[in-house]
1. Can you tell me which condition Gly133 does not meet? The list is (1) modelled with pLDDT under 95; (2) at positive phi; (3) open to solvent by less than 50 Å² (accessible area, probe 1.4 Å), and all the others hold.
2. So which of Pro91, Pro86, Pro53 is loosely packed, with under 14 Cβ neighbours inside 10 Å and in contact with a strand residue (DSSP E or B) (Cβ under 7 Å, 6 or more places away or on another chain)?
3. Hey, Gly56 hits all of (1) at pLDDT below 95; (2) under 25 Å from the mean Cα position of the chain (by Cα) but one; which does it fall short on?
4. Test of understanding: among Ser160, Ser169, which residue is in contact with a Ser or Thr (Cβ under 9 Å, 6 or more places away or on another chain) and either in a loop (DSSP other than H, G, I, E, B) or on the phi > 0 side of the Ramachandran plot (or both)?
5. Among (1) open to solvent by 30 Å² or more (accessible area, probe 1.4 Å); (2) assigned to a helix (DSSP H, G or I); (3) within 15 Å of Ala143 (Cα to Cα), there is one condition Lys76 misses while meeting the rest; what is its number?
6. How about the stretch 89-130: which of its residues are among the hydroxyl-bearing types (Ser, Thr, Tyr) and either in contact with a helix residue (DSSP H, G or I) (Cβ under 8 Å, 6 or more places away or on another chain) or in a loop (DSSP other than H, G, I, E, B) (or both)?
7. Limited to the stretch 96-127, what total is found for residues that are open to solvent by 50 Å² or more (accessible area, probe 1.4 Å) and either more than 15 Å from the chain's Cα centre (by Cα) or farther than 16 Å from Ile33 by Cα (or both)?
Amino acid sequence: MRIDILSAVPELLDSFLNHSILQRAQKNGTAQIIVHDLHDFAENKHRRIDDYPYGGTSGMVMTLQPVEKAITQLTKERHYDEIIFPTPDAPTYRQSIANTLSTLENIIILCGHYKGIDQRIRNHFITREISIGDYVLTGGELAAAIITDSIIRLLPGAISDETSALTDSFQDNLLSPPVYTRPADYHGWKVPEILLSGNHKDIDEWNMQQALKKTKQIRPDLLSNDDAVIE
Ligand code: SAH
């Protein structure tokens, strides 16, 4: 899978993309993630990518030209399944969307900055808008990082135990059951007996009960959620 990220501050993504699972996924060919500096596409002397908003409101707005040039150049080179704009005024991100995105070949994520981006970019290029939650960040890089991370970890080859991603919270509309590791007894804090029993059928059942109990307590809304696993 290939992800192209368009950003006004590409350095913000450096450390995130070049460590741990995302680094490994790129090294072993599972994913290709390319960050582009929007300033490189600006056709003006000072490589500016923002301007004052019409209507006299405060703040600055990202201009059309550099974004159009970047997207046009990329889409000439290959087909993109989605051109995504992370923005707070959009439907909220969820696991089922990550599942869907992880099945795609090529995507572009456009990071907004300042007050946001000229609406005409959204109207003419963007195929999906995603909010990562009801709060406002300074730029789209963190949102792009979150979207990228949630997709890449689902790709076969990205995490060593491939079934692990499928047993995480939100798959099946349940929160994950509690997990334990050695030692079985630490200062008298004991791991639940059943997990030491070696009886996989009983352990699966216990895990399911724990997941249900936790979901009922913390996120009962998930249980009445009949959304598909992909959307
Ligand atoms: N004026 C906008 C906020 C702009 S914040 C508004 O009130 O809706 C600047 C940029 O940060 C946005 O264009 C977007 O790309 C990113 N961003 C901020 N909060 C976000 C969120 N909750 N989800 C996704 N992207 C977000």
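1. (1)
2. Pro91
3. Status for Gly56: all satisfied but (2).
4. Every option except Ser169 fails the conditions.
5. (3)
6. Matches in the stretch 89-130: Tyr93, Ser102, Thr103, Tyr114, Thr127.
7. Number of matching residues: 9.
Residue-by-condition table, conditions (1) of a type in the set (Gly, Ala, Ser); (2) near the ligand (Cβ under 7 Å from one of its atoms):
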| site | (1), (2) |
| --- | --- |
| Pro91 | no, no |
| Arg94 | no, no |
| Ala98 | yes, no |
| Gly112 | yes, yes |
| Lys115 | no, yes |
| Glu129 | no, no |
| Tyr135 | no, yes |
| Ser150 | yes, no |
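The values are calculated or read from the model by the stated rules, or taken from the named source; none is laboratory data. Remember, predicted model here, so these are calculated numbers, not experimental data. Heads up, the Cβs are rebuilt from the backbone with ideal geometry, glycines too, and the neighbour counts pull from every protein chain shown. Remember, those area values only see protein heavy atoms, side chains included, never the ligands or the DNA or RNA. Shrake-Rupley method; radii C 1.70, N 1.55, O 1.52, S 1.80 Å.
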